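Below is one structure, written out as structure tokens, with a few remarks after it.
Each reported figure results from applying straightforward, stated rules to the coordinates on display, with no laboratory input. Since this is a predicted model, take the numbers as computed values, not measurements. Cβ placement follows ideal geometry from the backbone for every residue including glycine, while neighbour counts extend to all protein chains displayed.
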Amino acid sequence: MDIEIEKEQIAKAQQDKKEFAPIYTVYYQKILSYIIKRTNCVQVAEDITSTVFLKAMISIKKFKCTEFGISPWLFKIAVNELNDFYRKKKCVSLDQLMEDANFEPENFGDHLTEVRLTQEKIDNDIKGGLIRKELQKLSIKYQDVISLKYFENKTIEEICLILDKKEGTVKSLISRGLKKLKKNFKLTKDINKDEKEVQPFATKNVILLEQS
């Protein structure tokens with residue numbers, strides 16, 4: 001969605017919550033895909049994503065648009081919900097959004113089908129699977145910055161907006177997180193002696209991330 005068109009749609013949604021539907025349609029898959037990568041579970045990701053959009057719709061009047069549009073704000077809510085989920089291990093029904101919002105997003109079924117196919121592809125990708133598995137062993141603060149930068153291709157400035165952190169802090173977290181991630185791969189390699197062909201791929205991938 002073009003940024004100017006998006007701003008107009010946001011303004012409409014701030015006046016009438018039913019106008020939130022186009023925003024939901026554009027960003028649902030992106031947020032769901034991100035949460036799937038963080039949780040490794042489609043069902044849990046669906047529940048968390050429903051909460052993200054429900055909260056976004058309820059709070060849309062408070063949102064102030066920036067040059068990046070609504071995306072950083074939605075990801076910020078997603079990060080907060082993910083962190084809350086890991087702390088409390090609770091989530092809500094996906095149907096809640098439909099009931100409370102009183103709208104039917106376009107091609108909703110297509111979104112879920114495509115995301116599930118993406119999930120299957122990632123699960124079959126040795127490197128992707130290893131990276132996500134090891135990433136989840138890190139502290140949440142490292143998972144947040146690394147997943148946003150390398151899974152979602154967010155800029156440092158966008159990550160700062162999403163996490164409410166200064167640029168130096170974000171860069172430092174990324175650097176420290178990648179070092180810990182690389183160390184985890186080395187430990188995994190040492191423990192799993194039989195995976196001699198798999199681990200070098202993963203280690204090489206982390207080194208490439210560090211050089212980015």
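Sorting 61-71, 18-28 by average packing, meaning the other beta carbons within 10 Å per residue, from highest down gives 18-28, 61-71. A simple packing score, the average count of other Cβ atoms within 10 Å per residue, orders the peptides 172-178, 137-143 as 172-178, 137-143, with the highest score first. The value of relative contact order for the range 1-54, using C-alpha pairs under 8 Å at least six residues apart, is 25 percent. If each of E157 and I140 carries a label point 7 Å out from its Cα toward its Cβ, how far apart are those two points in nm? Between E157 and I140, the label points sit 2.9 nm apart. Neighbours of E152 by Cβ distance under 10 Å: Lys/Arg scored +1, Asp/Glu scored -1, total +3. With each label modelled as a point 7 angstrom along the Cα→C-beta vector, the C65-M1 pair spans 0.9 nm.
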